[in-house]
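Chemist: I have a structure I would like to understand better, so I am pasting it below and will then ask my questions one at a time.
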Amino acid sequence: MQHELPHTVQEHASETFGPVPAVSAKAVNMRFGNFYAVKNASFQLEQGRFLTILGPSGSGKTTLLRMIAGFLTPTSGEIFIKGEAVNAVAANKRAIGMVFQKLALFPHMTAAENVAFPLKMRRFDARTIPDRVLQYLKLVRLDGLENRRIHELSGGQQQRVAIARALVFEPDLLLLDEPLAALDRKLREEMQLEFRRIQKELGVTTINVTHDQREALVVSDRIIVMNNAEIQQNAAPIQMYRSPENPFVATFIGVTNVFSGKLVKRVGDTASVLVGEQELSGQSRLGSSNITRFESGAAVKCALRAEQIRIAREGKPLDKTDFSFTGRIADVIFEGERQIYVVDVPGVSADPIRIFHHDQDEFATHHIGELVHVGWNTNDMHVYAGIS
Amino acid sequence: MGRTQTVLFRVMVTFAVVMLSAPTLVVLGASVTSGNIIQFPPDGFSLRWYNAIVGEQTLREAFIRSVQVAIICVLVSLPAGTLAGIALARYRIRGEKLIQVYLLLPFTIPLIGSGIGLMLAFGQAGVLGSLWPIGIATATINLPFMIWAVSSSAASLDPDLELAAMSCGAGPVQTFFSVTLPAVTPGVITGSLLMFILSLNEFLVSLLLVDARIVTLPVQIYNSIRSIITPDLAAVSVVFIAVALSAIIVLDRLVGLEVFLKSK
Ligand SMILES: Nc1ncnc2c1ncn2[C@@H]1O[C@H](COP(=O)(O)OP(=O)(O)OP(=O)(O)O)[C@@H](O)[C@H]1O
Ligand SMILES: [Mg+2]
């Protein structure tokens, strides 16, 4: 197990400048037979940050997290925690706290016994254990329930016990595998804020796995989006939202319309494209390298967020938009805090376009079948390389 | 369920219960007769035959021996069956198919076959004539039941529980004792009581392994039947049934523990 440890640690340290990252993965692959569950994953995470791994079901999130925890050994590549290879340390000697998807609380113990368990196993001074347990139960707001057995606690309370158990021994790293997936929406949102509060309070480096894009945006300092076993983008939430690297990320986070088109020309950061019969321009996200690949006529995908499209009644022209088209309302969806118009714009897209309408004063002013103007600005449309 | 179905269901259940408990009821009835002949329905009511068996030293000693055998059987099968049951449910092991065949053995190999085998083995070893070989023999024959009980408990154990223990800092041994074992406790209790009852009742194998000095209760009853059948045998049988029944009640109580041991 200890093979080549000094060598790899040294090599790793010499490549890094500044402080050692809390977690770093280098070209990690996990293959089951011929199937890649995780493909060429590399990233670094700074000390004290909250990272969320976001992706659809089956994209390899759990597999990546379990490799970080050391429960799975990568087929190739390596993972380091504070500069030390994960698999060089026995599973029970690692300073990693983990909250499992199904919590995995010990059913035959009380809440307090669950939280005390890691302290006993890690040989903390027995006299300090009760105080410490209480301190962490307070942190997760469970004081008073310490003597309940696990099945006597609600789902949200069990969640908190699991968090306290993972944190009580002050791990270097906290791993969360979709622990909120089973909760109802209100409790889930409450727990998301709770996670953020506790993480900020303790400053523990945290990696959270979820397929809930909202959760990722709310809790994280950084987000890694995965799809088909590969990392699609690694960025801060705002950057991820504002400049998604590819159409997958653009559509996975937020509500985004995608049109297929052909490149006409590219000038600097602006790309002109032909979508349907319309020539539009948008922000080029074709990348700065191999420009030659993107000649005129190359297939592109244009992404446009629902909230960046404006809408107005026919005959009442849109001001301050670079492009505008006429469309017909196909559907009106009321979601409480916002209203979504689904609009057919035949000249631009075969699929209807989704548009958010936030204007309080004009709630539900357009009806199904009505003709409307829709429009947007050059900067709001992102142009990506498209396949075929 | 429709009304007709409910009625039909009730009738079927009643029928099954009557059929299954008929022999027990007959024995119970015959044991309280006040006459000298074993018969059903009983001739009057008295507990004189229960008095008689309490006074009868051979029966009492045979009963105690049977309990001793059953205890030895549990002591032997508990660690072996628990470990085997957990291993079978939790790990991919080589020769799993073979083990599954082994688990079916109690239903396929005639007891007389295993009994003779054990008799030869213990005879070779020169240990016949004491009680512990009988305990070991009943443990050997019935071990699959113990393994079953434990492995069905272990199969429902969340594998993440052991990973969680490890991430809490528990080594393999600590993980086993603090997480795995408590989780399979219901199965271990069920299996142990089952082994106790099976060993207590074991007749055929005991018959081959005992000699006149160490007869167990089932063998003793059998021996008495061969001479004259008196109502005291019915009384002994009732005591026997009562012991088994109380074991089941204990089981039910303890498996009430299962609620405690499960998370939801
Ligand atoms: N032990 C295994 N053997 C074979 N394939 C596996 C194994 N574990 C995972 N996979 C496959 O790897 C892929 C990624 O699985 P993983 O559990 O990491 O997905 P995930 O992103 O966590 O999905 P979810 O959101 O549904 O939990 C899946 O297609 C899965 O079927
Ligand atoms: Mg998963």
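The values are calculated or read from the model by the stated rules, or taken from the named source; none is laboratory data. What you are looking at is a predicted structure, and each value in this text was computed from that prediction instead of being measured. Neighbour counts are summed over all protein chains in view; Cβ atoms, including those assigned to glycine, are modelled from backbone coordinates with ideal geometry. With ligands, DNA and RNA removed, areas are computed over all heavy atoms of the protein, side chains included. Shrake-Rupley method; radii C 1.70, N 1.55, O 1.52, S 1.80 Å.
Chemist: Could you please find all residues in segment B:70-101 being open to solvent by less than 80 Å² (accessible area, probe 1.4 Å) and among the polar types (S, T, N, Q)?
Modeler: B:77, B:82
Chemist: Taking segment A:84-116, which residues are within 16 Å of ligand 1 (Cβ to nearest atom) and either acidic (Asp, Glu) or farther than 15 Å from residue B:169 by Cα (or both)?
Modeler: A:100, A:101, A:102, A:103
Chemist: Can you list the helices (runs of 4 or more DSSP H) lying wholly within segment B:145-245 that have 1 or more residues being more than 19 Å from residue B:74 (Cβ to Cβ), free of Cβ contacts under 8 Å to residues at least 12 places away in the same chain and within 14 Å of chain A (Cβ to nearest Cβ)?
Modeler: The qualifying helices (runs of 4 or more DSSP H) are B:159-167, B:172-175.
Here's the yes/no breakdown for (1) among the basic types (Lys, Arg); (2) within 19 Å of residue B:234 (Cα to Cα):
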position: B:16; (1), (2): no, no
position: B:25; (1), (2): no, yes
position: B:38; (1), (2): no, yes
position: B:51; (1), (2): no, yes
position: B:60; (1), (2): yes, yes
position: B:64; (1), (2): no, yes
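Chemist: Somewhere in segment A:40-53, is a residue in the same structural domain as residue A:28 (by TED's automatic domain parsing), under 23 Å from residue B:159 (Cβ atoms) and either outside any helix (DSSP H, G or I) or within 16 Å of ligand 2 (Cβ to nearest atom) (or both)?
Modeler: Yes; the residues of segment A:40-53 include at least one that is in the same structural domain as residue A:28 (by TED's automatic domain parsing), under 23 Å from residue B:159 (Cβ atoms) and either outside any helix (DSSP H, G or I) or within 16 Å of ligand 2 (Cβ to nearest atom) (or both).
Chemist: Give the residue, chosen from A:29, A:34, that is more than 23 Å from residue A:84 (Cβ to Cβ) and more than 16 Å from ligand 2 (Cβ to nearest atom).
Modeler: A:34
Chemist: May I ask you to say which residue of B:76, B:18, B:26 is modelled with pLDDT of 85 or more and within 24 Å of residue B:223 (Cβ to Cβ)?
Modeler: Testing whether each residue is modelled with pLDDT of 85 or more and within 24 Å of residue B:223 (Cβ to Cβ) leaves just B:26.
Chemist: Take residue A:100 and tell me if it is surrounded by 19 or more Cβ atoms within 10 Å (Cβ to Cβ), among the aromatic types (Phe, Trp, Tyr) and within 16 Å of ligand 2 (Cβ to nearest atom).
Modeler: It is true that residue A:100 is surrounded by 19 or more Cβ atoms within 10 Å (Cβ to Cβ), among the aromatic types (Phe, Trp, Tyr) and within 16 Å of ligand 2 (Cβ to nearest atom).
Chemist: OK, next. Output the residue which, of all residues in segment A:71-94 that are at the interface with chain B (Cβ under 9 Å from one of its Cβ atoms) and in a loop (DSSP other than H, G, I, E, B), is modelled with the lowest pLDDT.
Modeler: A:90
Chemist: Which of the residues belonging to segment A:125-166 are part of a loop (DSSP other than H, G, I, E, B), within 14 Å of chain B (Cβ to nearest Cβ) and aliphatic (A, V, I, L, M)?
Modeler: Scanning segment A:125-166 gives a single hit, A:153.
Chemist: Here's a follow-up. One residue is enough: does segment A:230-252 have a residue meeting the conditions at positive phi and in contact with a helix residue (DSSP H, G or I) (Cβ under 9 Å, 6 or more places away or on another chain)?
Modeler: For segment A:230-252, residues at positive phi and in contact with a helix residue (DSSP H, G or I) (Cβ under 9 Å, 6 or more places away or on another chain): absent.
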